[in-house]
Amino acid sequence: MLARAAQQLPANQNVKWALGSNLWNSFPGSHFTDILDVMHDTGFIGLRLTQYPQILTKYEITPEQMERELSKRGLHVITISFNGAADDPAQHAEILSNARNAMTFLKRFGADRLVVFSPSRGKPADAFVTMCRFYNQLGEVAGEMGFKAGLHNHLGQMVQTPEEIDRCMALTDPKLFYFSPDTAHVYLGGGDPAVILEKYKHRLMMADYKDAKRAGLTAKYIPNTYDLGDGEIDFPACHRVLRSIRFKGWLCVDLDIARSGPLVSYDRCGAYVVKTLETIYA
């Protein structure tokens, strides 16, 4: 505790640092306040919720209770991981309804971003175009509610490779639909995260900073993801892209695995942020 108290925490100035709740699914018996306590102790002041609205039931917490616990610690809910069968026109009306409900929930926390995951792979060739046309609709609805909606690339989903990122960006309106990349999934999908960030820096809504190594990659990618600085991704190059556009917003270190527990991993990630990244752009 004394060592953590002495450690300099992320500054959270132009770049604000967040983490994802999904990691705690690997630690059965955790309480929602356990997540918030790790955030408070390590300087990651934003939270991306996963499995909404089921997360409320999982942790037996109401939105009102969530607000109180966050407020006690000076923390924020910044977005949720949103998905749906965007490739299936029969489900579009329901997805838009779910998106409105999700954004209404997020508004109470002051959030204005909706991170959108694409459907699973293995769909007919025309499904990609259907998905992208729908994302323009989703982006329009988000804009009407004061939000930005943006693509989150991910292994095993329709937007996995750099070429698929390019295609989705080309088929969506930059005024309606934005980009929320995951560096680990860009890298494990065969891309260079800094190059992708540079290419779409003017559509950048937020991003996941997550480290990775390619060796031994299988469909079960989680062992290939790491704490910041332990993998092969050139985060200084990524951060120089953010500096070039004077980025002001959230970066989410949404770890898939914490080999020595969440507190140790986020302590280490925070130290990397302070020592390596904030010297480039804070």
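Estimate the FRET efficiency between residue 104 and residue 12 by the formula 1/(1 + (r/R0)^6), using the beta-carbon distance for r and 30 Å for R0, to the nearest 0.05.
0.70
All other residues with a Cβ under 14 Å from the Cβ of residue 101 taken together, and with Lys, Arg as +1 and Asp, Glu as -1, what is their net charge?
On the way: positive: 100, 107, 108; negative: 94.
With Lys, Arg at +1 and Asp, Glu at -1, the net is +2.
Summing +1 for each Lys or Arg and -1 for each Asp or Glu, what net charge is found among the other residues whose Cβ lies under 15 Å from the Cβ of residue 139?
+2
Highest first, please rank the peptides 205-212, 19-26, 88-95 by the mean number of other Cβ atoms sitting within 10 Å of their residues.
Sorting 205-212, 19-26, 88-95 by mean packing, highest first, produces 205-212, 19-26, 88-95.
Under a point spin-label approximation (7 Å from Cα along Cα-to-Cβ), what is the residue 282-residue 219 distance to one decimal in nm?
Taking the two extended label points, one gets 4.6 nm.
Counting other C-beta atoms within 10 Å, and keeping those with at most 11, which DSSP coil GluC sites (Glu not before Pro) do you find in segment 9-88? Write down the numbers at each step before the final one.
Numbers: sites: 60, 64, 67, 69; in loops: 60.
When the GluC sites (Glu not before Pro) of segment 9-88 are filtered for loop state and at most 11 Cβ neighbours within 10 Å, 60 remain.
Residues of segment 37-63 with amide nitrogen under 17 Å from the 7 Å Cα-to-Cβ point of residue 263?
Residues 37-44 qualify, since their backbone N sits under 17 Å from the label point.
Would you mind getting me the FRET efficiency between residue 72 and residue 136? Use the beta-carbon distance for r and R0 = 41 Å, nearest 0.05.
My answer for the efficiency is 0.55.
Heavy atoms of the protein only, probe of 1.4 Å, neighbouring chains included. What is the accessible area of residue 41 in Å², nearest 10?
Solvent-accessible area, nearest 10 Å²: 50 Å².
Apply the Karplus parameterisation 6.51 cos²θ - 1.76 cosθ + 1.60, with θ equal to phi minus 60°, to every residue of segment 226-233 and state each ³J(HN,Hα) to the nearest whole Hz, in sequence, with x for glycine and proline.
With coefficients 6.51, -1.76 and 1.60, one gets 9, 4, 4, x, 9, x, 10, 7 Hz.
Quick check: at a probe of 1.4 Å, how many percent of the accessible area of segment 1-92 sits on carbon and sulfur atoms? Could you put the intermediate results ahead of the total?
On the way: 2230 of 4450 Å².
For segment 1-92, the apolar C and S fraction of the accessible surface comes to 50 percent.
Tell me which DSSP H helices of the chain clear both cut-offs, 20 Å or more of axial length from alpha-carbon atoms and a mean Kyte-Doolittle hydropathy of at least -0.5.
Sorted by number, the helices that extend far enough and score high enough are 92-107, 127-144.
For the chain, modelled as a Gaussian network with Cα springs under 10 Å, which listed residue fluctuates most, 183, 57, 130?
Per the Cα network of the chain with a 10 Å cutoff, 57 tops the list.
With each run of n ≥ 4 DSSP H residues scored as -39500 (n - 2.57), what mean residue ellipticity at 222 nm is computed for the chain after dividing by its residue count and rounding to the nearest 500 deg cm²/dmol? Please list the in-between numbers first.
Working: 11 runs with 110 residues, N = 282.
When only DSSP H runs of four or more count, the value is -11500 deg cm²/dmol.
The values are calculated or read from the model by the stated rules, or taken from the named source; none is laboratory data. On a predicted model such as this, the values are computed, not experimentally measured, just so you know. For neighbour counting, all protein chains shown are included, and Cβ atoms are generated from backbone atoms with ideal geometry for every residue, glycine included. Side chains are part of the model used for accessible areas, which takes the heavy atoms of the whole protein and leaves out ligands, DNA and RNA. Shrake-Rupley method; radii C 1.70, N 1.55, O 1.52, S 1.80 Å.
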